[in-house]
Structure formats: C-alpha cells, structure tokens
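First the structure, in the form of structure tokens, and then the observations on it.
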Amino acid sequence: KRGIPEEYVRTLSVLTDQAPPKTFEEIDSVIKEEFGKSAEELFLSFDKKPIAAASLAQVHRALLHNGTEVAVKVIYPSLRKEMASDFSVLRTMGVQVKPGGLDLSVLINDFEKALRGELDFESEATNSEKTAHVLAHMPQAKVPRVLWEFTSKSVLTMEFERDLLRLNDEEGILAAGLRLEDVGELVADTFSEMILCHGHVHGDPHAGNIYVRAKGSPPRPELVLLDHGLYHSIDDVSREKLCRLFLACIHRRTTQIQKISEEIAGPLHRFLPLLLSPTFAIATSMNASDLIAASKHELPESISVQDVGKCIKAMHSHGSNMLGVLHSLGYTRGLLHAVKYPERDRLCSIAKFSVLGLLKAEQRKSALKAGLITLPPEDKLRIRYAILQVDISKMILTVMVWIFLHWRQAGALVFSFFTFLTMLAFGYPRGVMSSQSSAGAGSSSGSVSWSRRWILGLRRPRM
C-alpha cells in the first residue's frame, strides 16, 4: 500500500474476495468439462451464488452426498487463453527495454511460472498439504483438508471452514473475545517459522487468504490459511543465509550485514536491510542521499537501470527466489499492521526463528515438535536490547532526515550534531565508517564505549 493513493487501495482491495463473479452457468460448464457431470449431479447441493470471488477464481459452498460441507473453488473459464496473450505482450515489452540495459526476462519468466502455478489447482492442493505437514505441530494453525476426488486442475474442493474473521476486522476479533496481541503473535510466529525454519514461503498472504477465529474457552486465536496457489521454495543455504542476515541486522554486525547482503542483492546490497524492516535503516551502509530518496519512495540517482537488473538476477541465483521472500515479508507486515502488532515484536519473532533455523535439521525438528520455540531469558534480553538500540537510532535518523529535508542550510549543522550523537551513543554506522581504514573501524567500538554507557546509563550486553 505504501505510496499508492488510498482511493486506489480501496477500489482494488475488492479483488481479494469481492470481485465481480461469473454466472453459475459459466462455472457449471467448467465443472462439467472436468468431471463429466454438472454441479447438481456431482454434489448433493451446490449454492449458485459464490461466497467469494477473486481475480482468478470464485468459491461456492456445496454439500457432498455423505453430508460433508465443502468449499468448491472454480477457475474462470477461458482465463488460461487470456493469460497466454498477456504473457506474449510482457515478453515483447521485455525485448524492447533490454537494449537499455534492463533484462526483465528473469522477472517475466518467474511471474509466468508463478501465475501458471496459481492456475493449476492440483498444484495448489499439493501446496496445501505440504503446508499442513509443515504446521502439523501447531494446533493453533489450520489448513483445510483437500478432497482429491472432487479436485482437478480447474476445480479445488476443500473442507468448509466457518466463523472466519478477516485480520483487518478489529471489531469482530475483539467481539470474539480475542486479543489483537495474541493474533499478531500467532501470525508473526507462523510465517516466520515457515520461511526461516522450512524455506516454505507463502507468496500471497493477504487479508483475503489468511483468517482467524476464536477457539476454546477462554477463546484463543486459530489461524486459518485458505489459499495456497502461490508458494516459493528457498534452499537450505539461502534460508540459513537469511537467518544470519536477520540476526546480524538485529545485533548490528555491519561487516556480516554487508557480506550477506552483497551475496543476496548484488549492487543494491545496501538497501536490503531496509527492505527487511524499516527498523534496520540504521544497520545499512546507506548515505544521506540514499535515505532521503528512500523517504520519497524513489531510487537514488547513484542506482542505474543495470544495477536493478543485476539485483534481480542475484536474487534468483541458486534456484532461490529471494524477491518472493521479500514480497511475502511485506505482506506479513501488512497483516500485522492490521492487528496493530508492533514491528519490534515481529523482529523478536524473526530473531527467535532465525536462531532455530540455524540448528541442525533434527534438533530443529525436535524443538518445534516439542513446542520448544522460546528463547532463554538472557537471549530475549539481548535481542530486545539490540532492537531498542536500533529503534532509538532509527528515531534519531528520522529526525536527521526530516531536518535535512525541511531546514536545508540551517539544518546541516543540526544534522551533523545528530550524526555525532548517534555515533557516540550507538557506534559508527557502516556508511560513516566506509572511508576509514579497517584498523580504525576496529578500534572505534572501544573508543566510544565509555560514551555509550554515559549516554544510555547502560552497559551493552555481550552478543
């Protein structure tokens, strides 16, 4: 939503589950083509009015002949043919911009592969079962069971789930007796674990696909994941690299941040921590002009079209789609924003599962199965302290950028003062020290430790 006018957001949001539906006759023709029977023959009853309609398919409630209540998702007829012409146009556009230095072929191929996967409901059913297996140790996460007898490439039949609440329905969540904090923690932990412990990345976790409901007494949240059309897989090497990058950003290990970011994002490495979380702005090697451009949602002048192309290729290296990971993380932040879950708490969840993600496979599996997914108190304290430092640094940096943007020459002096204060209190940001020798950079930590303790009144814990 960032940078998009609110009117556009409201208008386009209906595409998640309230798009204009197709007629029952059109939907019934797809069912007949797939199973050789009409909806009324295949099911005991079939509601002609859909309960949800999105951009690719719509969902109808039905009853099997044994009385089981199901949700039937049917693809829009002729959609695959229409998509073929769209992809042809995209490839033509890619060829036209390539002489300018931007090779979009990787991005277009990835988009086509993802969309074709979403148009294959047998693939979605497989994704659904894999997700259910990954989250089998979590009773508070539910994936509807697939009924394969009534599933094909164009029709997906699942158990019908009742009493679902959208994550942006604050009033409904509170009326059900749930706490927003508990809902946010469940969302953060579920998606952090899937990415950082399993490399199983939900590619489309928006409010039309992820729901919550109250369960038990007293009521506790249960997360219900309905749509599994788009997933990305990252191999163990990339997954562990991401775990290390998150922990390095939280603890501000600048050398490690730069090394891993360069491996993942190539020439745009200095922006990667900021994409992971706005809180990590202070952990990057971005200079003042970079930060000002970022605050305007623009690319700095120092970034070329070729750099963007190299970054896209780097993020698709070794068969891992890191762009898909960033996309998923952004969606998850949106879900958490809807339930007013603080960013620092999301980072605590990420830190917890980053630590677990670096364990050996059997240790990690045993810990998750036993529910041992909490960090020791001393590790929690270290992480919260590190995040507090980053929060304060971010606040100071925000003030610096605002002053620089609004006060111009008069603000330059104040800007320099805040820079000096930040370096004294929290150590030199990587960008400030980039021109120093490695020996000088290594000695800076000790030289400011007295002032860090003086300003904060705290001794920084050993990481």
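Please treat every number below as a calculation from the coordinates, not as lab data. Remember, predicted model here, so these are calculated numbers, not experimental data. Cβ coordinates were reconstructed from backbone atoms using ideal geometry, including for glycine residues, and neighbour counts include every protein chain displayed.
Using 0.36 nm times the number of residues separating R145 and F160, minus their current alpha carbon distance, what extension gain do you get?
4.5 nm
Run the numbers for L79 and V237: contour at 0.36 nm per residue of separation, minus the present Cα-Cα distance, in nm.
So the extension gain works out to 53.2 nm.
Ranking Y211, Y8 by Cβ neighbours within 10 Å, fewest first, what do you get?
Taking fewest neighbouring Cβ atoms as first place, the list is Y8, Y211.
At a 10 angstrom cut-off on C-beta neighbours, averaged per residue, how do the peptides 342-354, 28-40, 188-200, 225-237 rank from highest to lowest?
188-200, 342-354, 225-237, 28-40
Would you calculate the separation in nanometres between label points at H137 and E40, each defined as 7 Å from the Cα along the Cα-to-beta-carbon direction?
Going by the 7 Å Cα→Cβ label model, 5.1 nm.
Give me, ordered by chain and number, the residues 5 or more places off R220 or on other chains with an amide H under 5 Å from its own placed amide H.
Long-range HN contacts for R220: K215.
Kindly state, to the nearest 0.05, the FRET efficiency for Q256 paired with S366, given R0 = 30 Å and r defined as their beta-carbon distance.
Efficiency computed from Cβ-Cβ geometry: 0.60.
Within straight cross-link reach of K113, meaning Cα distance under 30 Å, which lysines are found once same-chain residues fewer than 8 apart are removed?
Hits, sequence-local ones excluded: K1, K22, K32, K73, K81, K98, K130, K142, K153, K241, K310, K313.
When only C-alpha pairs under 8 Å and at least 6 residues apart count, what is the relative contact order of segment 49-193, in percent?
Relative contact order, segment 49-193: 20 percent.
With the crude spin-label approximation of a point 7 Å out along Cα→Cβ, what separation in nm comes out for T92 versus D345?
Rounded to a tenth, the inter-label distance reads 5.1 nm.
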